[in-house]
Structures are given as structure tokens and as C-alpha cells.
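Asks: Before I ask anything, here is the structure I am working with.
Only the coordinates and a few stated rules stand behind these numbers; no lab work does. Here the structure is a predicted model, which means the values were calculated and not measured. For neighbour counting, all protein chains shown are included, and Cβ atoms are generated from backbone atoms with ideal geometry for every residue, glycine included.
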Amino acid sequence: MRTEDLIRVIAADTLPRRSPAATLAMALGLTAALVALAFVALIGPRPDLASVPVTLRLALKQAWPILLAATAFGAVLRLAEPGRRLGGWGPALALAPALLLGAVAAEIVHLPPPAWGPAMLGATRWQCLGLIGAMALPLLAATLWALGRGASTRPTLTGAVAGLLSGGTAAAIYAIHCTQDSPLFFAVWYGVAILAVSAAGALIGRFTLRW
Amino acid sequence: MRPETEPPLEELLRAANRGDAAAYAAFLRAVTPVVRGVARARAGGLAADRVEDIVQETLLAIHRKRHTWREDAPVRPWLYAIVRYKVVDALRARGRRIEVPIDDFADVLPAEPAPDPTERGDALRAIGRLDPRSAAIVRAIGLDGASIAEIAGALGMSDGAVRVALHRGLRKLAQLRSRLME
């Protein structure tokens, strides 16, 4: 088939397609809603949710994964569109970690050194890692599926940021249940879980996001 | 590169997104020499029909990813990113490692068509692997110049069903073409 003939065939296919932003928002939104519902039904929020005082640490624990997911959403969308620069979204990805570092520094100043270890290790670290990881898996699958309909020219990086988006969303859901309010705890264990999801996203994306 | 009288690429692609097949064909015809120029410049020594294979693969990729262009953005950075990615990908699949720096595009001279790659193999082989109905539709439009309505009448399908079959066939074709190459 000559190129001119192929052009005629291609031009005849004018079915409209959804934008990458709409596809990603739909896939992530639906999956996050399902995961959150399942989580609340099976595991439930922290028992003292109604009575626990809203401190700055509590607010930070809930806010930083949301901030991470939001900035990762913006960044990954730009990565999924060819020829688009990350612009401010690259530096914006550092906002959540910076907030977290500030919280950790404040906690270290606030707590006496002997209390650092116990605060960091907490009581529920394995549960935290396991549940964030388990919730992130379907989110990562949905995110990578949606991004596969985009056209990333940097599949590994896109997969890694998709992992931050999925891991951040999973951590934000888990935080509803988590009773460990020390920044030392939620920086380390949420952080480890999210980074693991990001590594998985990079590895999978490297192969599945090619087109 | 293009006659001055033609509307800008953005206008053509926007119209194409609204379902204007003629504008879409004009868009594809306008970008083809650019694609061919890049492919030829980078393919150093690859036979002309091979280069034309890469051009066709890239056009299919542009088509499959056309929704990733944002209508308020200029077309060229988007187009060049796709062309660069696909040409590199196609050459790599053929066992050639090459780099395509971004700045190269400014100097690329649009190239004239090469000999027809097709009778020789890959294109027709890929079409032959489609389901019979999609293959018939692709052949009818590409080789016989049939319209959607004519095909619908001939195959006893609705216009919409023909469009969907064509859409799926092109998606499959793009995958097959990338895979069959080596």
C-alpha cells in the first residue's frame, strides 16, 4: 500500500477519542473510589476518628500524600503528552517531600532523642506497608492502563511518577485508618511504601508504556 | 515546505478532531514529507522502501495518538516528539541505534516520496493478518478509494459499524506493523 493510500485509510477514521486527562481522571477516580470503599468496609477508619483532636501533625499526615498525588497527577499528564514540557510540575513534585522534611525536623526538635526510635518504628509499620502496597496495586494498574492510552516518550520516568500518584493516593486512604501520628513514622513508612510503588511503576512502565 | 495557501496545521488537526476527514487527509499529507525527511536523514543507508515503511509506521502512530495533542498548543513540538520517538523506535527495531537530537528538526528538508514499499511485503502482510472484515475495509478505502457509505452498502453494515471496524483495524495494523518489522 502506498503512503498516499494509507493516508486515505487513516483519514477515514475520524472517531473521536478521549483526552489523556479525562482518561486518567476517570480511571484513577473510579479505582480510588472502589479501593476506598473496600478499605472502609473491611478495615475501617481509626477507632478514635471522632474524638481525636485535629493537630497539625494529624493534618500533615493526611495532607502530604494528597499533595504528592496531586502534583504527580499534573506531572504525569504532561509526561503522557509528546513534546510537552514538565514546566513547573517537576519542581512541584518536591513540595510534598519538602513539607514532610519540615515536619520531621520539627518532630526531632520537639521530641527528646531517646523517643525518636520508638516514634519512628511505631506499632503498625508492617500493616502500614502491606495495606498501602495492597491498595496501590489496583491504583497503579488503572493509572498505567490510562497512561498507556497517552503517548509518553519517557516510559520509565512516566511509570515512576505513576507510582508516586498511586502510592500517594493509597497512603492518603490508609491515613484515615492509621493511628501513628508522628511525622517520624509517616515519613519513613509511608515514604518507603510509596517509593516501592514508584519503583514498581518505573519497572512496569518501562515495558508497558511503549507504543 | 507547504504551499502558503494551506491553512496552518493546527487548524487542520482541529477540524480533523471534529470529524472533518478532508482536513485530516490534508494534515497527514502536509506532515508526511517532514516525517520522510527525518526518517531518511536518520536512516543512513537504509533502502528507500524501508524508509517508507518507517514513514507509514510513524503516520499510524500519529493517528493512534492524535488525541494527545491539546488543541490550544502548537502542533509542531507535539508532532516532532512523536516522529522522533517513532523513527528511533523503528530503527532500533531494525537493529540500528541512533540518536535524534531535538534541534535537528529545524534543518530537516522535507523529502519527496520514495518508491512504493508496499508490494514488497510488510504492509500487505500486516493487512492480511487483520480480521477479514477490517482487512476488506482497509483495502476498499486504500486501494479502491471507496467511501464509508459505499463500504457499508457493499458489506451490509451500518456506517457506524464500518467506522468502528476501521478504527479497530487501524489500531491492530499499527501494532502489527511495529511488531512485524525487524
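Asks: About the Cα centre of the protein assembly as shown, what is the dipole size in debye to 20, counting +1 per Lys and Arg Cβ and -1 per Asp and Glu Cβ, all else neutral?
Replies: Roughly 680 debye for the protein assembly as shown.
Asks: Between A:Trp116 and B:Arg129, what FRET efficiency comes out of the Förster formula 1/(1 + (r/R0)^6) with R0 = 56 Å and r the beta carbon distance, rounded to 0.05?
Replies: Computed FRET efficiency for B:Arg129 and A:Trp116: 0.35.
Asks: State the extension gain, in nm to one decimal, for the chain segment bounded by A:Arg46 and A:Ala141, taking 0.36 nm per residue of separation less the distance between their alpha-carbons.
Replies: Gain in length upon complete extension: 31.5 nm.
Asks: Can you work out the Karplus-derived ³J(HN,Hα) for every residue in the stretch B:46-58? Use 6.51 cos²θ - 1.76 cosθ + 1.60 with θ = phi - 60°, whole Hz, and x for glycine or proline.
Replies: 5, 4, 4, 5, 5, 4, 5, 4, 5, 4, 5, 4, 5
Asks: Oh, and also: Given Cα pairs under 8 Å that are at least 6 residues apart, what percent is the relative contact order of the stretch A:120-211?
Replies: 49
Asks: With a 10 Å Cβ neighbour count serving as the proxy for reagent exposure, in which order, fewest first, do B:Ile151, A:Ile176 appear?
Replies: Final ranking by Cβ density, sparse to dense: A:Ile176, B:Ile151.
Asks: Another question, then. Counting partner chain Cβ atoms within 10 Å of every residue's Cβ in B:55-64, what's the average?
Replies: The mean count of partner-chain Cβ atoms within 10 Å per residue comes to 4.
Asks: Something else now. Straight distance only, please: which lysines reach the Cα of B:Lys65 with their own Cα at less than 26 Å, same-chain residues fewer than 8 apart left out?
Replies: B:Lys86, B:Lys172
Asks: Ranking A:Val9, A:Val54 by Cβ neighbours within 10 Å, fewest first, what do you get?
Replies: Arranged by neighbour count, lowest to highest, A:Val9, A:Val54 become A:Val54, A:Val9.
Asks: May I ask you to list the residues of the stretch A:163-204 whose amide nitrogen lies under 14 Å from a point 7 Å from Cα along the Cα→beta-carbon direction of A:Gln127?
Replies: Under 14 Å, as judged by backbone N against the label point of A:Gln127, lie A:174-181 of the stretch A:163-204.
Asks: Let me ask something else about it. Applying the Karplus parametrisation 6.51 cos²θ - 1.76 cosθ + 1.60 with θ = phi - 60° to the phi angles of the stretch B:125-130, what ³J(HN,Hα) value in whole Hz is obtained for each residue in order, glycine and proline being reported as x?
Replies: 4, 5, 4, x, 8, 6
Asks: Taking the Cα centre of the protein assembly as shown as the origin and placing charges on Cβ (Lys, Arg +1; Asp, Glu -1), which of A:Ala25, A:Ser182, B:Ser158 is farthest toward the positive end of the dipole?
Replies: About the Cα centre, the residue reaching furthest to the positive side is A:Ser182.
Asks: Let me ask another. I need B:Asp53, B:Asp159, B:Asp20, A:Asp5 ordered by Cβ neighbour count within 10 Å, fewest first.
Replies: Ranking B:Asp53, B:Asp159, B:Asp20, A:Asp5 by Cβ neighbours within 10 Å, fewest first, gives B:Asp159, B:Asp20, A:Asp5, B:Asp53.
Asks: So, with +1 on the Cβ of K and R and -1 on the Cβ of D and E, and no other charges, what is the size of the charge dipole of chain A about its Cα centre, to the nearest 20 debye?
Replies: 460
Asks: Any idea what the dipole of the stretch B:12-60 comes to, in debye rounded to 20, about its Cα centre with Lys/Arg Cβ at +1 and Asp/Glu Cβ at -1?
Replies: Using Cβ point charges on Lys, Arg, Asp and Glu, the stretch B:12-60 gives about 200 debye.
Asks: As a test of understanding, state the convex hull volume per residue of the stretch B:1-66 from its alpha carbons, in Å³.
Replies: With only Cα atoms used, the stretch B:1-66 gives 87 Å³ per residue.
Asks: Taking the alpha-carbon centroid of each part, what is the distance from the stretch A:131-201 to the stretch B:7-81 in angstrom?
Replies: Here the two parts' Cα centres lie 35 Å apart.
Asks: Before rounding to the nearest 500, sum -39500 (n - 2.57) across all DSSP H runs of length at least 4 in chain A and divide by the residue total; then give [θ] at 222 nm in deg cm²/dmol.
Replies: So the helix-based figure for chain A works out to -25000 deg cm²/dmol.
Asks: Give me D for the protein assembly as shown in µm² s⁻¹, whole number, from Stokes-Einstein with Rh from the Kirkwood sum over alpha-carbon pairs, 20 °C and 1.002 mPa s.
Replies: 92
Asks: Quickly work out the A:Leu195-to-B:Ala149 label distance, labels modelled 7 Å from Cα along the C-beta direction, and quote it in nm with one decimal.
Replies: For the pair B:Ala149/A:Leu195, the computed spacing is 6.4 nm.
Asks: What would the Debye equation give as log₁₀ I(q)/I(0) for the stretch A:1-83 at q = 0.16, 0.19, 0.20, 0.26 Å⁻¹, counting only Cα atoms as equal point scatterers?
Replies: The calculated log intensity ratios at q = 0.16, 0.19, 0.20, 0.26 Å⁻¹ are -0.89, -1.05, -1.09, -1.24.
Asks: What spacing in nm lies between the two simple spin-label points modelled at A:Ala59 and A:Ala92, each 7 Å away from Cα in the Cβ direction?
Replies: 2.2
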